[in-house]
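Novice: My questions all concern the structure below.
The values are calculated or read from the model by the stated rules, or taken from the named source; none is laboratory data. A quick note: this is a predicted structure, and the numbers were derived from the prediction, not measured. Cβ atoms come from the backbone with ideal geometry, glycine included; neighbour counts cover every protein chain shown. These accessible areas exclude ligands, DNA and RNA; they are computed on the full protein's heavy atoms, side chains included. Shrake-Rupley method; radii C 1.70, N 1.55, O 1.52, S 1.80 Å.
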Amino acid sequence: MNKGNQEIKATIRLEQAKQNFTKSEHKIYQYIINNTDHVLYHSLTELSEACSVGEATVLRLFRKIGYKGFQEFKFSLAKEIDSNDEENQDDSYVYKVKKNMVTAIEDSYHVIDERKLQEALQLIEDGKKVVIFGVGSSSIAALDMQTRLLRIGINVEVFGDPHFQIMRTASMDTDTIVIAISLTGSSKDTVDSVEAAKKKGAKVISITNYSKSPLTKLSDCILLSSAKESPLDSGSLVSKVAQLFVIDLICTGLTIRNFERAEESKMIISESITGKLY
């Protein structure tokens with residue numbers, strides 16, 4: 001987009017172009033105008049299903065009004081909403097951060113499916129190799145998960161670089177369990193790597209915020225977290241808190257199911273680390 005286009009609000013672009021919309025594009029337009037706040041938290045798949053149109057139709061609409069895709073449109077819409085936000089500024093930012101953190105954990109608690117959690121634990125126990133994929137801010141959660149799993153005696157690898165992810169998929173097989181961490185489930189790098197892993201026969205567990213996304217279509221087991229993250233807040237700590245909550249459930253569940261081995265491993269690691277402290 002050129003500089004002039006960037007200064008035009010997302011809703012104004014929609015309004016200016018609506019005369020040339022097809023019938024399907026009008027359905028998308030009406031949905032966005034009537035559900036502006038919700039659209040920010042939709043995946044492309046969820047928006048297309050909410051409008052009962054194909055994903056290609058949704059993308060065509062956004063390109064028609066000057067955006068490269070849905071994510072760029074959401075970013076523009078988020079800036080517009082943020083500039084119009086009349087939220088009470090008297091609230092301390094300290095209080096707001098605390099409230100958002102607590103809400104993320106409470107909401108994640110309510111959306112977690114315990115049957116899916118047990119299914120994920122079984123897959124990890126049955127798998128001989130566990131590999132975690134997480135790009136960008138999700139790689140931070142992936143590294144934390146690796147630390148937790150190593151402490152309880154589970155051999156695990158983490159790859160945050162998309163190129164290394166693809167290289168790792170070349171040696172995967174049916175004994176490999178891939179844990180893919182992506183808030184939106186629409187990170188192209190993560191989805192491409194997971195798709196390559198599936199072709200090699202790997203089983204996939206996804207930790208994501210959206211039940212319907214390109215990532216979940218490739219997943220054998222989906223564990224949902226819940227953290228409302230505007231495109232302007234991408235990579236926020238609130239989203240990682242929600243991811244870490246699900247990761248903690250997995251690691252705690254594995255510890256309970258393999259208590260003796262986990263305790264033995266933690267004891268060995270603790271004794272080793274103690275020798276490195278003054």
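Novice: Could you check, for the stretch 11-23, whether at least one of its residues is assigned to a helix (DSSP H, G or I) and modelled with pLDDT of 90 or more? Talk me through it step by step, then tell me what you get.
Specialist: Residues of the stretch 11-23 that are assigned to a helix (DSSP H, G or I), as a first pass: 11-20, 23.
Add one more test, that the residue is modelled with pLDDT of 90 or more, and what stays is 23.
Checked against the condition, which is being assigned to a helix (DSSP H, G or I) and modelled with pLDDT of 90 or more, the stretch 11-23 yields at least one hit.
Novice: Hey, among the residues in the stretch 233-278 that are among the small types (Gly, Ala, Ser) and over 27 Å from ILE81 (Cβ atoms), which one's modelled with the lowest pLDDT? Even if it seems obvious, please write down each step before you answer.
Specialist: We begin by selecting, within the stretch 233-278, every residue among the small types (Gly, Ala, Ser); these are 234-236, 239, 242, 253, 262, 265, 270, 272, 275.
Still in the list and also over 27 Å from ILE81 (Cβ atoms): 253, 262, 265, 270, 272, 275.
Details: GLY253: 94, ALA262: 72, SER265: 76, SER270: 71, SER272: 72, GLY275: 65.
The extreme case among them is GLY275.
Novice: Now, a different point. Select from the stretch 164-178 the residues that are in contact with a helix residue (DSSP H, G or I) (Cβ under 7 Å, 6 or more places away or on another chain) and hydrophobic (A, V, I, L, M, F, W, C) and write down the one among them that is nearest to GLY201 (Cα to Cα).
Specialist: Taking the candidates together, the pick is MET172.
Novice: Here's another thing I want to ask about it. In the stretch 176-188, which residue that is modelled with pLDDT under 95 and not hydroxyl-bearing (Ser, Thr, Tyr) is surrounded by the most Cβ atoms within 10 Å (Cβ to Cβ)?
Specialist: If we filter the stretch 176-188 for residues that are modelled with pLDDT under 95, which is where we start, we get 182-188.
Now narrow it down to the ones that are not hydroxyl-bearing (Ser, Thr, Tyr): 183, 185, 188.
Numbers: LEU183: 26, GLY185: 30, LYS188: 11.
Among them, the one singled out is GLY185.
Novice: So is SER219 over 22 Å from LEU237 (Cα atoms), assigned to a loop (DSSP other than H, G, I, E, B) and at pLDDT 95 or above or not? Walk me through how you get there before you give the answer.
Specialist: Details: over 22 Å from LEU237 (Cα atoms): yes; assigned to a loop (DSSP other than H, G, I, E, B): yes; at pLDDT 95 or above: yes.
Spelling it out, SER219 is indeed over 22 Å from LEU237 (Cα atoms), assigned to a loop (DSSP other than H, G, I, E, B) and at pLDDT 95 or above.
Novice: Scan (1) touching a residue at least 60 places away in the same chain (Cβ under 8 Å); (2) surrounded by fewer than 20 Cβ atoms within 10 Å (Cβ to Cβ) for the single condition ASP161 breaks and write down its number.
Specialist: Result: ASP161 passes all but (1).
Novice: Can you confirm whether the stretch 36-52 contains a residue that is surrounded by fewer than 14 Cβ atoms within 10 Å (Cβ to Cβ), over 22 Å from THR216 (Cβ atoms) and among the polar types (S, T, N, Q)?
Specialist: No.
Novice: Separate question: Look at the stretch 189-205 and say how many of its residues are farther than 16 Å from GLY136 by Cα, outside any loop (DSSP other than H, G, I, E, B) and open to solvent by less than 50 Å² (accessible area, probe 1.4 Å).
Specialist: So the count comes out to 4.
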